[in-house]
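Presented below is the structure to which this report refers.
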Amino acid sequence: MTLPPGLYVVATPIGNMKDMTTRAVETLASVDCIAAEDTRHTRRLLQHFGISKPLVSLHDHNEREKSAMLVNRISEGQSIALVSDAGTPLISDPGYFLVKSLRESGCLVSPIPGPCALIAALSASGLPNDRFAFEGFLPAKSVGRKAVLMQLLNEARTLIFYESPHRILDTLNDFYQVFGGDRTMVIGRELTKTFETVLTGSIEFVLQCVAEDANQQKGEFVILVQGAEAKSQEGGEEVGLNKDVLLRALLKEVPVKTASRIAAEVTGLSKNELYERALILQGKRNDRI
Ligand code: SAM
């Protein structure tokens, strides 16, 4: 098959080789070269499908310099495929800068769709999927993670995150502290692989299951959380219910002034009112309400 010059963004399996699409195989077999996140990993994939092609490494640390070279090659008439280690390139993976540069240069960029962990997890989650927000990986440190979660406290759409095995338990603990234990959470673990599990229940239940079973802490994870209830007409009322949860979580990490400022930004409530409330929670003022 002869392909027109351009970049072909090719999705590859997230664990199960049988999920490789016919078009993905045909495209990889037809391009002039393949830009890959990890060339050794991609070579194994190509071997599995009996394909032999020149590879160029393109990862987070060299994407800018490699993009210029790839844009040139495509402008000169080459067809190039972009793959990542698993799933759809650019989704929490390299490729954004390259695709943007090619679009700006007026070159062809064509998707060859296929597996994607967040879509696989959402499709099997049982959570509302008409509107959702993909947040990728949360920050590695708990303080940063909680700050992001606090900003998402009132998001009504289903929330989707990626997480790695060495942080899963800490991250679930942070969810519990910021969101409370009641919302529905789903964890898609090792999707499409031998030990695939989809765990569903309240945040409290899911946290307990993962904490008590070391096997549930292994592998690759997609975390999905039910969105916040719709806001009341009065506005801010639903936030008010969570105001103390939010302040308590912040007060564990930052001084009271910073906590009330962040809480005000997140909730839209008055900074002074939140400052007073924070002092009450700390036992430094009497609760006269
Ligand atoms: N581009 C990929 C995609 O389309 O899903 C995601 C790449 S990102 C670097 C890797 C993360 O995706 C993992 O840490 C995990 O959170 C999630 N992931 C990838 N494969 C998975 C699987 N089989 N089951 C569950 N989560 C997976």
ask   = Do we have T22 as β-branched (V, I, T), more than 16 Å from the ligand (Cβ to nearest atom) and free of Cβ contacts under 8 Å to residues at least 12 places away in the same chain here?
value = yes
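Condition first: in a helix (DSSP H, G or I), within 23 Å of E155 (Cβ to Cβ) and in contact (Cβ under 8 Å) with a residue 12 or more places away in the chain. Now tell me which residues in the range 266-277 satisfy that. Give the derivation first.
Restricting attention to the range 266-277, the residues satisfying the condition of being in a helix (DSSP H, G or I) are 266-267, 271-277.
Applying the additional criterion that residues be within 23 Å of E155 (Cβ to Cβ) yields 266-267, 271, 273-274, 277.
Correct list: V266, T267, L274, R277.
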Close pairs (6 angstrom Cβ cut-off, 6 or more residues apart or separate chains): under 28 Å from V245 (Cα atoms) in the range 169-198, part of a strand (DSSP E or B) and of a type in the set (S, T, Y) anywhere = G181/S202; D182/S202; V186/T200
key: Filter result (within 16 Å of the ligand (Cβ to nearest atom) and more than 22 Å from T158 (Cβ to Cβ)) within the range 122-144   = A140
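Every residue, every condition in (1) more than 20 Å from P5 (Cα to Cα); (2) more than 11 Å from the ligand (Cβ to nearest atom); (3) assigned to a helix (DSSP H, G or I), yes or no:
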| site | (1), (2), (3) |
| --- | --- |
| Q47 | yes, yes, yes |
| V56 | no, yes, no |
| I74 | no, yes, yes |
| L82 | no, yes, no |
| P94 | yes, no, no |
| R103 | no, yes, yes |
| P115 | yes, no, no |
| A120 | yes, no, yes |
key: Number of positions in the range 77-86 that are surrounded by fewer than 24 Cβ atoms within 10 Å (Cβ to Cβ) and either closer than 30 Å to G219 by Cβ or without any contact (Cβ under 8 Å) to a residue 12 or more places away in the chain (or both)   = 2
message = Against the condition part of a strand (DSSP E or B), in contact (Cβ under 8 Å) with a residue 12 or more places away in the chain and hydroxyl-bearing (S, T, Y), how does S110 come out, does it pass?
response = yes
key: Residue check, A147 of a type in the set (A, V, I, L, M, F, W, C) and more than 14 Å from the ligand (Cβ to nearest atom)   = yes
query = (1) without any contact (Cβ under 8 Å) to a residue 24 or more places away in the chain; (2) surrounded by 18 or more Cβ atoms within 10 Å (Cβ to Cβ): which one isn't true of R103, the others all being true?
reply = (2)
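Values quoted throughout were computed directly from the atomic coordinates according to the rules given, and no laboratory measurement underlies them. Every value quoted in this text rests on a predicted model; they were computed, and no experiment measured them. Note: ideal-geometry Cβ built from the backbone for every residue, glycine included; neighbour counts use all protein chains shown.
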